[in-house]
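The values are calculated or read from the model by the stated rules, or taken from the named source; none is laboratory data. Here the structure is a predicted model, which is why all the values come from computation and not from measurement. Please note: Cβ atoms are built from the backbone with ideal geometry, for glycine as well, and neighbour counts cover all protein chains shown. All accessible areas refer to the heavy atoms of the entire protein, side chains included, with ligands and DNA or RNA removed. Shrake-Rupley method; radii C 1.70, N 1.55, O 1.52, S 1.80 Å.
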Amino acid sequence: MITVHHLNNSRSQRVLWLLEELGVPYEITRYERDAKTMLAPPELMKVHPLGKSPVVTEDGVTVAESGAIIEYLLERHGGGRLVPAAGTPERLRFSYWLHFAEGSAMPPLLLKLIFDRVETGPMPFFVKPVAKGIARKVKGLMVEPNLKRQLDFMEAELGRSEWFAGDAFSGADIQMSFPLEAAAQRAGLDASRPRLHAFLKKIHARPAYRKALERGGPYSFAND
Ligand SMILES: N[C@@H](CCC(=O)N[C@@H](CS)C(=O)NCC(=O)O)C(=O)O
């Protein structure tokens, strides 16, 4: 039996969704974020030394990193579904987006979250102007231009085919869901980028996505 080590309101929602798409049985071990820090509880470190979610365990094998988990589950349980055939241009695009989601799309989104908090969070009055100034500068010089360029790029890519890896829905679309949901929540992704907006609407309507939400519990990113 596959166990998904699931942190509430997190990237592990993607793994539940993939398993629902595949119709493979799984069980969930739940972990709750600390209400103040939003960090994962220390018990997750017993499953994997980094203590992050998602982690999947099955028959004594432990797999971390969402991209690696998606590849592992597709290889072991996919039977050729949700992954383009090896050696095709679609397979290369699949691989690209699987890496892009965490390697390129998430870092500026995370920086935005952190520097937004620096700008608005409580701190001693004498530090505030300096901290705010640094936050604005980093966001203006680095974070926001990168976010805009990436969103424009992703919008253009969805003009090439219906889904990220080609005309068929794949694990790459599942992997890309989280950065796009995070961008909709905190980086201004809206209907002004119609293809990305339509992508979010389409994935949120999939029965397997809805089923995974029921099993995973509250998830604040599932708004278009
Ligand atoms: N690149 C990793 C990121 C894992 C990660 O940062 N997960 C977050 C959940 S969205 C987490 O566990 N956060 C809690 C913490 O850092 O304590 C992946 O895609 O699996």
> In region 170-209, how many are part of a helix (DSSP H, G or I) and more than 16 Å from the ligand (Cβ to nearest atom)?
Replying inline: 14
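For every residue, the table says whether it meets (1) within 11 Å of the ligand (Cβ to nearest atom); (2) modelled with pLDDT of 95 or more; (3) of a type outside the set (D, E, K, R).
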{"residue": "MET45", "(1), (2), (3)": "yes, yes, yes"}
{"residue": "PRO54", "(1), (2), (3)": "yes, yes, yes"}
{"residue": "VAL63", "(1), (2), (3)": "yes, yes, yes"}
{"residue": "GLY67", "(1), (2), (3)": "yes, yes, yes"}
{"residue": "PRO84", "(1), (2), (3)": "no, yes, yes"}
{"residue": "GLU90", "(1), (2), (3)": "no, yes, no"}
{"residue": "PHE94", "(1), (2), (3)": "no, yes, yes"}
{"residue": "LEU111", "(1), (2), (3)": "no, yes, yes"}
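For every residue, the table says whether it meets (1) open to solvent by 80 Å² or more (accessible area, probe 1.4 Å); (2) within 14 Å of PHE199 (Cβ to Cβ); (3) of a type outside the set (A, V, I, L, M).
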residue	(1), (2), (3)
PRO89	yes, no, yes
TRP97	no, yes, yes
SER104	no, no, yes
ILE134	yes, no, no
LYS139	no, no, yes
MET176	no, yes, no
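Which members of region 141-163 meet the condition of being of a type in the set (D, E, K, R) and surrounded by 13 or more Cβ atoms within 10 Å (Cβ to Cβ)?
As a first pass, look at region 141-163 and keep what is of a type in the set (D, E, K, R): 144, 148-149, 152, 155, 157, 160, 162.
Scanning region 141-163 gives GLU144, LYS148, GLU155, GLU157, GLU162.
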>> Checking the conditions here, which among ARG193, ARG206 is more than 26 Å from GLU65 (Cα to Cα), open to solvent by 20 Å² or more (accessible area, probe 1.4 Å), of a type outside the set (Val, Ile, Thr) and out of contact with any strand residue (DSSP E or B) (no Cβ under 9 Å at 6 or more places or on another chain)?
In response: ARG193
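Any residue at all in region 63-70 that is open to solvent by 60 Å² or more (accessible area, probe 1.4 Å) and either among the hydrophobic types (A, V, I, L, M, F, W, C) or over 21 Å from PHE178 (Cβ atoms) (or both)? Give the steps one after another, and end with the answer.
Here is the first cut: in region 63-70, the residues open to solvent by 60 Å² or more (accessible area, probe 1.4 Å) are 65.
Restricting the remaining residues to those that are either among the hydrophobic types (A, V, I, L, M, F, W, C) or over 21 Å from PHE178 (Cβ atoms) (or both) gives none.
For region 63-70, residues open to solvent by 60 Å² or more (accessible area, probe 1.4 Å) and either among the hydrophobic types (A, V, I, L, M, F, W, C) or over 21 Å from PHE178 (Cβ atoms) (or both): absent.
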> Given the structure, is GLU71 outside any loop (DSSP other than H, G, I, E, B), modelled with pLDDT of 95 or more and within 13 Å of the ligand (Cβ to nearest atom)?
Replying inline: yes
